[in-house]
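First the structure, in the form of structure tokens, and then the observations on it.
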Number of protein chains: 2
Amino acid sequence: MSRSTGRRLGRAGIRDVAAAAGVSITTVSDALNGKGRLPDATRSHVREVADRLGYRPSAAARTLRTGKSGLLGLTVTTYGDEPFTFTEFAYFAEMARAATSAALARGYALVILPATSRHDVWSNVALDGTVVIDPADGDPVVTELVRHGIPVVSDGRPGGALPVTGWVDNDHEAAVLGLLDHLADAGARRIGLLTGTTTDTYTRLSTTAYLHWCERVGQDPVYESYPAHDPCAGAVAADRLLARPDRPDAVYGLFDPNGTDLLAAARRYGLRVPEDLLLVCCSESTVYASTEPPITTLSLKPRRIGTAVVQILIDAIEGLDNGLPIEQVIPTDLIVRTSSQRRSARTTVSPPRGPAGA
Amino acid sequence: MSRSTGRRLGRAGIRDVAAAAGVSITTVSDALNGKGRLPDATRSHVREVADRLGYRPSAAARTLRTGKSGLLGLTVTTYGDEPFTFTEFAYFAEMARAATSAALARGYALVILPATSRHDVWSNVALDGTVVIDPADGDPVVTELVRHGIPVVSDGRPGGALPVTGWVDNDHEAAVLGLLDHLADAGARRIGLLTGTTTDTYTRLSTTAYLHWCERVGQDPVYESYPAHDPCAGAVAADRLLARPDRPDAVYGLFDPNGTDLLAAARRYGLRVPEDLLLVCCSESTVYASTEPPITTLSLKPRRIGTAVVQILIDAIEGLDNGLPIEQVIPTDLIVRTSSQRRSARTTVSPPRGPAGA
DNA sequence: CTTGTTAAAAGGTACGTTTCTGCATGGTGA
DNA sequence: TCACCATGCAGAAACGTACCTTTTAACAAG
């Protein structure tokens, strides 16, 4: 059997479409991709034949030929042993969702990849670019990607002079300072911090901002650290913080679960929130709107970050950037709820009295 | 310039490695892939040269040649307008995480794709198989994938005779029945249900199981429905349920946020939990361990489901299955906490469920 | 009649692998 | 010596597409 008629197995290729339509391969390619100079009659005829045969172009062949795969890597640096322990779950989920949407809107898809440098995984997929969440200083994966000319944009300001194409981050210092001012305005005299032992940029910047603030207002720092990837350790650390002799009258928790942890610890010690203890934590979770009392949260706007990261990355891939690294700062959002408002006892919604009242 | 020396731009290819190592292309390929019959000396020599040149095989070329891309699609059927509104956030995140890990462990990576039938996205990526979460009856994307011979495994029993390669799901009927028995054992006389208006399998099976149970024990059904993708609607429906004249003394909420919604509603009506109202909701979130009081949850074991789905899919791709569709049922896990225990104030240990009851 | 111009379509090569087939070589048993 | 086989390696054909180059036809202008 000759090469033109040979394969009856498998899907229809561009050759089969060309033969069935009575035109050349080039014409089919041009017709389907909207290129070349073809009369509309030919174009629609080819399209119809392709449809009839159920033709789908081979992504692999196209990628091989054009050098563009339409795939973006998405990597989360992890702590601990499990491959994908995101401590900031809601944050990651929101960010990834926004990134996926933004990529899709521009014709790209996201591939989830491990942060480890397992070559056999990374090299088995053709990437046009990569999004890295919270890269470690001198991350080997990032370094190698950049060395191979693959654009890399990071969520979180990269440390260690990582040669990324660009990055997006919040102004963590400003956020923490503003938040502490807010607590002080609400009457806090000694503000405590629940922070992490890891060395990632977020933890580091937030903690130093706290220390600076303490220095400025002349307060002794009161903080507890714990490995952020261990949820139980968070509860323990929250307890430790409230058990100290120099117990704070307000606490900021850097991580998502800290709000409930601190609330539980406060209950154990008979502390009323917000009367005896003001509470704020950094979280994207909506549960803090309906805890008792609702807890003030700092939102890092993961959706805006995810969108921005992908836009920068795709711009770089498509050569729409100016070549310089792009740095973008996304403002944070302090969502003030009862837990950080000492004075106003007014609740926002008037409780509808039900039948059989208390 | 000839084809052998021509390209100094771009990365090193297998040809360059062959030339530098003084062997043929075949030998390089065999050496790196562990195939063929080569002495260890040659093998290691080739590997060393490849390393020195920073050689990375082209995934696109390999995929084109072998027909295997090592990529699995991951799709979530969505409700509402946004492309990725997962109502069960924690569930999806956990499931996706487990699926990603399992895939990675077997050398595959996951690509996140939209459930819409945008051809230009789906056909731009070469997939070896696809995981579909909660497919709609007669889902066109699934149908087309199967028609093209791509294995599809679904999380959630597919309705509408969808010709999937296999599926994994919980036994939702049994879970709901057991849960209702548990509430009845704790003293509930009238159990209410907070359910969804959507027609997905989970909602449908759970609701009918509830109705069956009511019929069996001779209780009038007491339930409220709301569009599960709207978080505010959940709070409203919870309120409505507790405002009814035939107010239930126990409620099961089908969706993740229902626990906090119901707790807030109970507070508004001055109902004590668990004394006046028993509460259970289906959730994977750990926040319910530290609410006041802690809330009993039904876990669907998303990690086990994600792992199982991927194993079945990869088995099918690699031809390790027997060809028949595979159906796997994952047991659920009722995590009993204070909110569903009227008598014993003692915590934590879940009562061993005997089949007896009554 | 020649030449230039343009539309329409065909030819053919390259993208970078994997892998089938085949060619030497040297050792072994008959 | 010869046939035979295992070993170690090379040649070359695909895989399916995109795109650069060329051909053909038609037609207007010189």
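The values are calculated or read from the model by the stated rules, or taken from the named source; none is laboratory data. Nothing here was measured: the structure is a model prediction, and the numbers come from that model. Cβ sites come from the backbone with ideal geometry, for glycine too, and all protein chains shown count toward neighbours. Side chains are part of the model used for accessible areas, which takes the heavy atoms of the whole protein and leaves out ligands, DNA and RNA. Shrake-Rupley method; radii C 1.70, N 1.55, O 1.52, S 1.80 Å.
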Taking region B:176-206 and keeping residues more than 23 Å from B:Gly159 (Cα to Cα) and basic (Lys, Arg) leaves B:Arg189, B:Arg190
> Going by the structure shown, is B:Thr347 among the hydroxyl-bearing types (Ser, Thr, Tyr) and at pLDDT 95 or above?
Replying inline: no
Taking region A:223-257 and keeping residues in a helix (DSSP H, G or I) and either in contact with a Leu (Cβ under 8 Å, 6 or more places away or on another chain) or under 24 Å from A:Asp276 (Cβ atoms) (or both) leaves A:Gly234, A:Ala235, A:Val236, A:Ala237, A:Ala238, A:Asp239, A:Arg240, A:Leu241, A:Leu242, A:Ala243
Original post:
Does A:Asp249 qualify as being modelled with pLDDT of 95 or more and open to solvent by 40 Å² or more (accessible area, probe 1.4 Å)?
Top reply: no
Practice item. Please work out if B:Asp220 is outside any helix (DSSP H, G or I) and at pLDDT 95 or above. Key: yes
Across (1) crowded, with 19+ Cβ neighbours inside 10 Å; (2) away from chain A (no Cβ under 11 Å), B:Asn322 clears everything bar (1)
Residue hits (region B:176-185; open to solvent by 10 Å² or more (accessible area, probe 1.4 Å) and either among the hydrophobic types (A, V, I, L, M, F, W, C) or touching a helix residue (DSSP H, G or I) at 6+ places or on another chain (Cβ under 6 Å) (or both)) are B:Leu177, B:Ala184
Given the conditions (1) of a type outside the set (A, V, I, L, M); (2) more than 18 Å from A:Asp120 (Cβ to Cβ); (3) in contact with a helix residue (DSSP H, G or I) (Cβ under 9 Å, 6 or more places away or on another chain), every one holds for B:Asp40 apart from (3)
Would you confirm whether any residue within region A:186-206 is away from chain B (no Cβ under 14 Å), within 26 Å of A:Thr307 (Cβ to Cβ), out of contact with any Pro (no Cβ under 9 Å at 6 or more places or on another chain) and open to solvent by less than 10 Å² (accessible area, probe 1.4 Å)?
yes
Residue hits (region A:207-228; under 20 Å from A:Pro158 (Cα atoms) and in contact (Cβ under 8 Å) with a residue 60 or more places away in the chain) are A:Ala228
Listed by first then second residue, the pairs whose first member lies in region A:12-25 and is in a loop (DSSP other than H, G, I, E, B), whose partner is more than 10 Å from DNA strand C (Cβ to nearest atom) and aromatic (Phe, Trp, Tyr), with beta carbons under 9 Å and at least 6 positions apart or on separate chains, are A:Ala12/A:Tyr55; A:Gly13/A:Tyr55
Q. Would region A:77-92 turn up any residue that is in a strand (DSSP E or B), more than 10 Å from chain B (Cβ to nearest Cβ) and at pLDDT below 95?
A. no
Flagged in region A:113-143 as within 11 Å of another protein chain (Cβ to nearest Cβ), at pLDDT below 90, open to solvent by 20 Å² or more (accessible area, probe 1.4 Å) and touching a Leu at 6+ places or on another chain (Cβ under 7 Å), in numbering order, are A:Trp122
Counting only residues in region A:55-70 that are more than 18 Å from A:Ile150 (Cβ to Cβ) and open to solvent by less than 80 Å² (accessible area, probe 1.4 Å), the one farthest from the other protein chains (Cβ to nearest Cβ) is identified as A:Tyr55
Item to complete: Examine region A:188-203 for a residue that is within 23 Å of A:Asn322 (Cα to Cα) and hydroxyl-bearing (Ser, Thr, Tyr), and state whether such a residue exists.
Response: no
Do we have any residue at all in region A:31-45 that's open to solvent by 40 Å² or more (accessible area, probe 1.4 Å) and touching a residue at least 40 places away in the same chain (Cβ under 8 Å)?
-> no
Subset of region B:39-67, residues part of a helix (DSSP H, G or I), more than 12 Å from DNA strand D (Cβ to nearest atom) and of a type in the set (D, E, K, R), comes to B:Arg47, B:Glu48, B:Asp51, B:Arg52
Residue hits (region A:285-297; in contact with a strand residue (DSSP E or B) (Cβ under 6 Å, 6 or more places away or on another chain) and of a type outside the set (Phe, Trp, Tyr)) are A:Ile295, A:Thr296, A:Thr297
Can you confirm whether A:Gly36 is in a strand (DSSP E or B) and either modelled with pLDDT of 95 or more or within 11 Å of DNA strand D (Cβ to nearest atom) (or both)? no
The correct count of residues that are more than 10 Å from B:Ala250 (Cβ to Cβ) and in contact with an Asp or Glu (Cβ under 7 Å, 6 or more places away or on another chain) in region B:173-200 is 2
Exactly one of B:Asp220, B:Asp171 is charged (D, E, K, R), surrounded by fewer than 20 Cβ atoms within 10 Å (Cβ to Cβ) and within 29 Å of B:Ala308 (Cα to Cα), and that residue is B:Asp171
For region A:302-313, check the following and say yes or no: at least one residue is outside any loop (DSSP other than H, G, I, E, B) and open to solvent by 70 Å² or more (accessible area, probe 1.4 Å). yes
Filter region A:283-300 for residues that are touching a residue at least 40 places away in the same chain (Cβ under 8 Å) and part of a strand (DSSP E or B); the one that is nearest to the other protein chains (Cβ to nearest Cβ) is A:Thr297
Residue hits (region A:6-33; within 6 Å of DNA strand D (Cβ to nearest atom) and modelled with pLDDT under 90) are A:Arg7, A:Gly10
Scanning region A:13-54 for residues that are away from chain B (no Cβ under 14 Å) and acidic (Asp, Glu) gives A:Asp16, A:Asp30, A:Asp40, A:Glu48
Within region A:258-279, restricting to residues that are touching a residue at least 40 places away in the same chain (Cβ under 8 Å) and part of a loop (DSSP other than H, G, I, E, B), the one that is surrounded by the fewest Cβ atoms within 10 Å (Cβ to Cβ) is A:Glu275
